[in-house]
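Novice: Pasting a structure here, questions to come.
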Amino acid sequence: MTPDLMESGARARAAYDTRIAALTQGGGFGRPVADGEVVFTQGVALYLDAVTVSFDGFKALNALSLTIDVGELRCIIGPNGAGKTTMMDCITGKTRPDSGTISFGSNIDLLRLKEPQIAGIGIGRKFQKPTVYEPLTVWQNLELSLKADRGVAASLFHRLSGEQRDRLEELLVLIHLKDEAPRTAGLLSHGQKQWLEIGMLLAQDPKLLLLDEPVAGMTDEETERTAELFLTLEGRHSLVVVEHDMSFVAALTEGRKKVTVLHEGSVLAEGLLAEVQANEKVVEVYLGR
């Protein structure tokens, strides 16, 4: 990573840390909370236990069990058809499992909630293809995300508070789009649209981010900057990154973070990247292809 990128990332992280600290002084991970809020006193952000999903007799998930800690950045790898997308669908309420348990924090049963409710309690999902409001500017996309409960027209004519404006400025720096704020989103590069969508999710203060192949189609520079962005978010949010680009996975895990390998709907292997890369079963079903 270049010195300029490191310095820019450090400034962005400092501003973002201040923002997160302000949010968590009155609440956040591990604090007493009001009814209906998520509790993270056990240090676990997400817990899947024996989750099974069948489609016409085919088990897309087969007794899948997985734990993601608060503030953890976890990479999920595996061949096509391993169950990665179905897992995310179950977490976000799009697909209901046949059996098993999915918990958010220590007090929320996700299987009792609908998709909008799950998004509302702090789980954000980014699909592989970026989804932004292309006719609007970058700034307007972020502004609209701050007020997701309002209509588009009402949101665009609503006057931002000073705190909200500062928050958007911080997000623009964080996602490397400060100079693109007045630009129409449809004119952005593929990688920039990916960053904008991530910024739109962050504007909603998610506690858990699910990111599906976020660097697919990116240039090498965009991939590097995306790794920088995710490392900036680590510890402030829990992140689950589904990815096939092993160089990107290596940059995110830094040789010290856990990687999970899925195969046929179950966990095939889990451990440091070097460990799973040396696993004969992983090489046979995934890395050796």
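Please treat every number below as a calculation from the coordinates, not as lab data. In this text, all values refer to a predicted model and were calculated from it rather than measured experimentally. FYI the Cβ positions are ideal-geometry reconstructions off the backbone, even for glycines, and counts take in every protein chain you see.
Novice: Can you name every residue in region 273-283 that is surrounded by 15 or more Cβ atoms within 10 Å (Cβ to Cβ) and either over 25 Å from residue 220 (Cα atoms) or in contact with a strand residue (DSSP E or B) (Cβ under 7 Å, 6 or more places away or on another chain) (or both)?
Specialist: 273, 276, 279, 282 - these are the residues of region 273-283 that are surrounded by 15 or more Cβ atoms within 10 Å (Cβ to Cβ) and either over 25 Å from residue 220 (Cα atoms) or in contact with a strand residue (DSSP E or B) (Cβ under 7 Å, 6 or more places away or on another chain) (or both).
Novice: Taking region 209-224, which residues are surrounded by 22 or more Cβ atoms within 10 Å (Cβ to Cβ) and touching a helix residue (DSSP H, G or I) at 6+ places or on another chain (Cβ under 7 Å)?
Specialist: 209, 210, 214, 215
Novice: Output the number of residues of region 93-102 satisfying the condition of being surrounded by 19 or more Cβ atoms within 10 Å (Cβ to Cβ) and touching an Asp or Glu at 6+ places or on another chain (Cβ under 9 Å).
Specialist: 2
Every residue, every condition in (1) surrounded by 18 or more Cβ atoms within 10 Å (Cβ to Cβ); (2) more than 20 Å from the chain's Cα centre (by Cα); (3) in a helix (DSSP H, G or I), yes or no:
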residue: 192; (1), (2), (3): yes, no, yes
residue: 196; (1), (2), (3): yes, no, yes
residue: 226; (1), (2), (3): yes, no, yes
residue: 231; (1), (2), (3): no, no, yes
residue: 240; (1), (2), (3): yes, no, no
residue: 247; (1), (2), (3): no, no, yes
residue: 259; (1), (2), (3): yes, no, no
residue: 285; (1), (2), (3): yes, yes, yes
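Novice: For region 106-135, what are the residues that are touching a strand residue (DSSP E or B) at 6+ places or on another chain (Cβ under 7 Å), among the aliphatic types (A, V, I, L, M) and outside any helix (DSSP H, G or I)?
Specialist: Selection gives 121, 123.
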